[in-house]
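Undergrad: Got a structure here, written out as structure tokens. Questions coming.
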Amino acid sequence: MSNNSASGLVSLQKSVKQLRNEAGIRRIKVSQAAADLKTFCLQNAHKDPLLMGVPSSDNPFRPPKSCALF
Amino acid sequence: MCDQTFLAITFGPCDNCSQNKPLMNIYLKNEPINYCSLCVELMACQGLAKGETIHTLKVESESLKAKLEEERGKLHDVELHQVAEKIEALGQFVMKTRRTLKGHGNKVLCMDWCRDKRRIVSSSQDGKVIVWDAYTTNKEHAVTMPCTWVMACAYAPSGCAVACGGLDNKCSVYPLSLDKNENLAAKKKSVAMHTNYLSSCSFTNSDMQILTSSGDGTCALWDVESGQLLQSFHGHSADVLSLDLAPSETGNTFVSGGCDKKANVWDMRSGQNVQSFETHESDINCVKYYPCGDAFATGSDDATCRLYDLRADREVAIYSKDSIIFGASSVDFSLSGRLLFAGHNDYTINVWDVLKGTRVAILFGHENRVSTVRVSPDGTAFCSGSWDNTLRIWA
């Protein structure tokens, strides 16, 4: 590309601006974030069919043990 | 896949010198500016503050990156799996293929569930897009696209339309009709226009807007009715391969991942890149939000999946094993977020315990690469699509 130096300059300016923005955001500790993720998982675990397994009669994809044909 | 071509979305009169040239699409203070490349050069030189040169900018860029690493490192006081030590381990998993959807003539590239939890749309390399009823395995609709490699497909929230696209660089929306005889291709509406292949698309919370990502390195938000570009997102330096919208409670953001190994989080209203994560060692093939919206997972060609927490602004877990050497093409979470399903290029699907970081199951069955994995909206099953031309429903 003929305008390599100019586009390099523009993209450098953009990346410096982006990095300044990112450096300024607020962060929390991993221990707190991890604890929140864990709480969410455990609270919703009972609602998760793939985790808990559902009885065959409720799950439309698992075939019931016996089929009655009329 | 393709080298990034010159980012010229339009050709026309430059805002500054009024000559007809290819326009570089750049943004100043969130306003799009259509300048030709010569005017961009001149502006860039004028825009330098006193004493700024390429050298000083590079030095500042390096020091900012180091500072970011340091800030992120300070908060890294514990690993996720340490926090999860006291939780009960998961029992043995028995997941089997419950349905096999056969009908595609070539590799299945993408699929999506309908909100009614039973319909599925899938697209393949031969240009066919098929809508299935997953309970009965019947095909309800079939559309032939004018291009091959339909890499993206999505179901509208209402269930009345599907969007798809690929090598045609466009995203087209097809309204689904109940009349079997109606030719769906006739009602097609072209919504998005990119300058390279369409890698992923998704409807936002309504049928009215679509978010797309493309091999041209950009993502874009479009209005379906008018086809107008509402917002575009620039920041990736290579093809964007995947995107995912934040679950509705957490607001207007989405995450995208691409061949530049970066995962970027964007604000949909302003177009700003709010957070960026670069710890993968190769292309990121798939990104998926955690169900609560505070984290997201990525699957990459470096054979690992990683979990990034948005509030801690860093990677918090890596899901990898020495025995897994093939890239992960697609990932998805179970409803509670405890399980992570990853489809790999070695024909298997790995199931991970998200909190403990251990693998709980490997699912065999496909006879070629697994290209897409999605959990159903109510979490009762998940569907995988593969290069062996079939889709499998597992429960």
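Undergrad: Report the residue, chosen from B:SER282, B:SER37, B:SER242, that carries the largest GNM mean-square fluctuation when chain B is represented by alpha-carbon nodes joined by springs under 10 Å.
TA: B:SER37
Undergrad: Taking 56 Å as R0, compute the FRET efficiency from the Cβ-Cβ separation of B:GLU71 and B:ARG115 and round it to 0.05.
TA: Working: r = 40 Å, r/R0 = 0.72.
E(calc), rounded to 0.05, equals 0.90.
Undergrad: Starting from the Cα-Cα distance between A:LYS14 and A:ALA35, subtract it from 0.36 nm times their residue separation and give me the gain in nm to one decimal.
TA: Gain in length upon complete extension: 4.0 nm.
Undergrad: Just flag the trypsin sites (Lys or Arg not before Pro) in region B:169-272 sitting in loop per DSSP whose Cβ has no more than 10 other Cβ atoms within 10 Å. Don't jump to the answer; show the numbers that get you there.
TA: Working: sites: B:LYS170, B:LYS180, B:LYS187, B:LYS188, B:LYS189, B:LYS261, B:LYS262, B:ARG269; in loops: B:LYS180, B:LYS188, B:LYS261, B:LYS262, B:ARG269.
For trypsin sites (Lys or Arg not before Pro) across region B:169-272 that sit outside H, G, I, E and B with at most 10 neighbouring Cβ atoms in 10 Å, the list reads B:LYS180.
Undergrad: Let me ask you something else. Any idea how far apart B:GLN272 and A:ILE28 come out in nm if each label point goes 7 Å out from Cα toward Cβ?
TA: Inter-label distance under the simple model: 2.1 nm.
Undergrad: Here is a further query. What do you get for Rg/Rh over the protein assembly as shown if you use C-alpha atoms and the Kirkwood form of Rh?
TA: Details: Rg = 23.0 Å, Rh = 23.3 Å.
That ratio is 0.99, to two decimals.
Undergrad: Can you give the extra length, in nm with one decimal, that the chain gains between B:LEU42 and B:GLU225 once fully stretched, where that is 0.36 nm per residue apart less the Cα-Cα distance? Intermediate results must be reported in sequence, preceding the final value.
TA: Working: separation 183, 0.36 × 183 = 65.88 nm, distance 3.86 nm.
Fully extending the segment from B:LEU42 to B:GLU225 adds 62.0 nm.
Undergrad: Starting from the Cα of B:LYS67, draw a straight line to each of the lysines and keep only those under 17 Å, dropping any in the same chain fewer than 8 residues away.
TA: Qualifying lysines at Cα under 17 Å: A:LYS17, A:LYS29, B:LYS58.
Undergrad: Under a Cβ-only charge scheme (Lys and Arg +1, Asp and Glu -1), can you give me the dipole magnitude of region B:82-226 about the Cα centre, in debye to the nearest 20?
TA: Working: 17 positive and 14 negative charges, 116 e Å.
Value, rounded to 20: 560 debye.
Undergrad: Compute the Kirkwood hydrodynamic radius of region B:349-395, taking the inverse of the mean of 1/r over all pairs of distinct Cα atoms, and give it in Å to one decimal. Let's see the in-between values first.
TA: Details: mean 1/r = 0.0870 Å⁻¹.
After inverting the mean inverse Cα-Cα distance, the result is 11.5 Å.
Undergrad: Taking 0.36 nm per intervening residue step and subtracting the Cα-Cα distance, what contour gain separates B:SER248 from B:GLU85 on full extension?
TA: Details: separation 163, 0.36 × 163 = 58.68 nm, distance 3.07 nm.
Length gained, B:SER248 through B:GLU85: 55.6 nm.
Undergrad: Bin width 10 Å, alpha-carbon pairs only: give the P(r) of region B:83-394 as whole percents, running from 0 to the bin holding the largest distance.
TA: All Cα pairs considered, the percentages come to 6, 29, 38, 22, 4, 0.
Undergrad: For the residue pair B:ASN20 and B:LYS96, what label-to-label distance in nm results when each label sits 7 Å from Cα along the Cα-to-beta-carbon direction?
TA: 6.8 nm
Undergrad: While we're on this one: Compute the FRET efficiency between B:THR144 and B:ASN368 as 1/(1 + (r/R0)^6), taking r as their Cβ-Cβ distance and R0 = 25 Å, and round to the nearest 0.05. All intermediate terms of the calculation are to be shown ahead of the outcome.
TA: Values: r = 22 Å, r/R0 = 0.90.
With R0 = 25 Å, the Cβ-Cβ based efficiency is 0.65.
Undergrad: Now a separate question. Going down the table (A:LYS47/B:LYS261; A:LYS14/B:LYS128; B:LYS74/B:LYS321), which pairs top 32 Å between alpha carbons?
TA: On the way: A:LYS47/B:LYS261 34 Å; A:LYS14/B:LYS128 41 Å; B:LYS74/B:LYS321 27 Å.
In this structure, A:LYS47/B:LYS261; A:LYS14/B:LYS128 lie more than 32 Å apart at Cα.
Undergrad: Tell me, what is a quarter of the convex hull surface for the C-alpha atoms of region B:229-382, in nm² with one decimal? Provide the component values of the computation, followed by the final result.
TA: On the way: hull surface 36.6 nm².
That works out to 9.2 nm².
Undergrad: What fraction, in whole percent, of alpha-carbon pairs in region B:80-120 exceed 11 Å separation? Intermediate results must be reported in sequence, preceding the final value.
TA: Values: 665 of 820 pairs.
Summing the P(r) of region B:80-120 above 11 Å gives 81 percent of all pairs.
Undergrad: Mind checking the alpha-carbon convex hull of region B:22-144 and giving the volume per residue in Å³?
TA: Values: hull volume 35.4 nm³, N = 123.
Given the Cα convex hull of region B:22-144, per-residue volume reads 288 Å³.
Where a number appears in this text, it was derived from the coordinates with a stated rule and is not lab data. All values reported here derive from a predicted model rather than from experimental measurement. Note: ideal-geometry Cβ built from the backbone for every residue, glycine included; neighbour counts use all protein chains shown.
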